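K.L.:
Quick one: structure below, then a few questions.
The values are calculated or read from the model by the stated rules, or taken from the named source; none is laboratory data. Keep in mind that what you see is a predicted model, and the values were worked out from it rather than measured. Cβ placement follows ideal geometry from the backbone for every residue including glycine, while neighbour counts extend to all protein chains displayed. Side chains are part of the model used for accessible areas, which takes the heavy atoms of the whole protein and leaves out ligands, DNA and RNA. Shrake-Rupley method; radii C 1.70, N 1.55, O 1.52, S 1.80 Å.
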Amino acid sequence: MSKYLKELYQGLEVYTPGEQPKDAVYIKLNTNESPFPPAPAVVEALKKEDVENLRLYSDPTLSALKSKLAKLYGVKSDNIFLSNGSDDILNFAFMAFGHKGAIFPDITYGFYPVFAELHNVDYEEIPLKEDFTIDYKDYLSKDKLIVIANPNAPTGDSRPLHEIEEIIKSNPHSVVVVDEAYVDFGGVSAYKLTEKYENLLTVRTYSKSRSMAGARLGYAIGSKELIDDLMRIKFSTNPYNINRLTATLGEATVDADSYYTEKCKEIMRVREYTAQKLTELSFEVLPSKANFLFAKHPDLDGAKYYEELKKRHILVRHFSKERICQFNRITIGTKEQMDALIDATKEILKGE
Ligand SMILES: *Cc1c(COP(=O)(O)O)cnc(C)c1O
């Protein structure tokens, strides 16, 4: 660290992304990426792109992509904000709407406290219930920026829409961000309430259900006023933060929506299969509406399970936070990958 760095940033505890190791070939079940490639039409769209056009800036209004998304969700283009991954949007949301303070659960996406610290936002972490679910009553009439991942990560729990609506309704003077990174795996989306509540911001990503984590594309749906606020910030930092290729891929992805719906169904089937197998091996598996499972075993230390799997070239995500350190978060891959995980797990349990 240099002596030139602003004091606020000196103490910052940065977000630690999941490993992307290069030393061997791993079955990667640690960062909730899709095991499936983008749709064939998306690959074709990229091939058709004229690379020479990269000399030109991308369209800062992204009107073509916005109107496709607007049509898909039955909202107006004015209700859509696009940015370089949903992390980017969450960052802007803390920057724009966090001045009265923020609240989110104690066990949730690890980036929220980082954004809060970055923007000097006071924040309160509300403990999940004993069963690792959110009690929506904890978030009523708070008059602060509220950030809820629904389904939540790393637990996988999904709250019904009426609970989310109660939170939005009771906080009319502050923004409620619903982070729906995993909603396509069985959750219920809040975006349908957009017309009813001007304080609702639903945040979505192409990274998980759209097989495009590496292209960096996220979007938010909200009232025109909130979207304008986010545009103000984006146009004060980097109006071109979505490159031409990603915008093209984003459009082709919307056109191929049914491909992704099928892949999500497959992931949900494999999730239930894996949960069943782990339960048979005496794991406690939290109910999940996401593309991962959060599981622990009564006789197998969480960190040890992670290490033993890694030795067998299977990567899962372990968090050292005390309340969840006996758990591991296991991304749902293909059925073959999950069978490999189950086989390795049996070995580990036998002490082989
Ligand atoms: C993966 C994830 C994101 C980040 O997605 P990007 O669009 O890749 O930045 C946001 N929120 C949650 C809860 C996530 O798990």
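K.L.:
Being more than 16 Å from the ligand (Cβ to nearest atom) and open to solvent by 60 Å² or more (accessible area, probe 1.4 Å) is true for just one of Glu251, Glu262. Which residue is that? Let's see the steps before the verdict.
P.N.:
Working: Glu251 fails: open to solvent by 60 Å² or more (accessible area, probe 1.4 Å).
Only one candidate qualifies: Glu262.
K.L.:
For residues that are surrounded by fewer than 22 Cβ atoms within 10 Å (Cβ to Cβ) and over 16 Å from the mean Cα position of the chain (by Cα), scanning just region 81-97, find the one that is nearest to the ligand (Cβ to nearest atom).
P.N.:
The selected residue is Met95.
K.L.:
Now for a separate question. Kindly check whether there is at least one residue in region 147-158 that is in contact with a helix residue (DSSP H, G or I) (Cβ under 7 Å, 6 or more places away or on another chain), within 16 Å of the ligand (Cβ to nearest atom) and open to solvent by 10 Å² or more (accessible area, probe 1.4 Å).
P.N.:
No, there is no match, as no residue in region 147-158 is in contact with a helix residue (DSSP H, G or I) (Cβ under 7 Å, 6 or more places away or on another chain), within 16 Å of the ligand (Cβ to nearest atom) and open to solvent by 10 Å² or more (accessible area, probe 1.4 Å).
K.L.:
Could you list, in sequence order, the residues of region 311-325 that are in contact (Cβ under 8 Å) with a residue 24 or more places away in the chain and surrounded by fewer than 18 Cβ atoms within 10 Å (Cβ to Cβ)?
P.N.:
Arg312, His313, Lys321, Arg323
K.L.:
Another question, if that's okay. Filter region 216-227 down to the residues that are open to solvent by less than 20 Å² (accessible area, probe 1.4 Å), within 11 Å of the ligand (Cβ to nearest atom) and outside any strand (DSSP E or B) and list them by number.
P.N.:
Matches in region 216-227: Leu217 only.
K.L.:
Answer with yes or no whether Ser189 is within 16 Å of the ligand (Cβ to nearest atom), within 19 Å of the chain's Cα centre (by Cα) and open to solvent by less than 10 Å² (accessible area, probe 1.4 Å).
P.N.:
no
K.L.:
Please pick out the residue among Glu124, Glu163, Glu117 that is at negative phi and in a strand (DSSP E or B).
P.N.:
Glu124
K.L.:
Residues in region 59-80 that are part of a loop (DSSP other than H, G, I, E, B) and either buried (at least 17 other Cβ atoms within 10 Å of the Cβ) or within 16 Å of the ligand (Cβ to nearest atom) (or both): how many?
P.N.:
Going through region 59-80 one residue at a time, the tally reaches 2.
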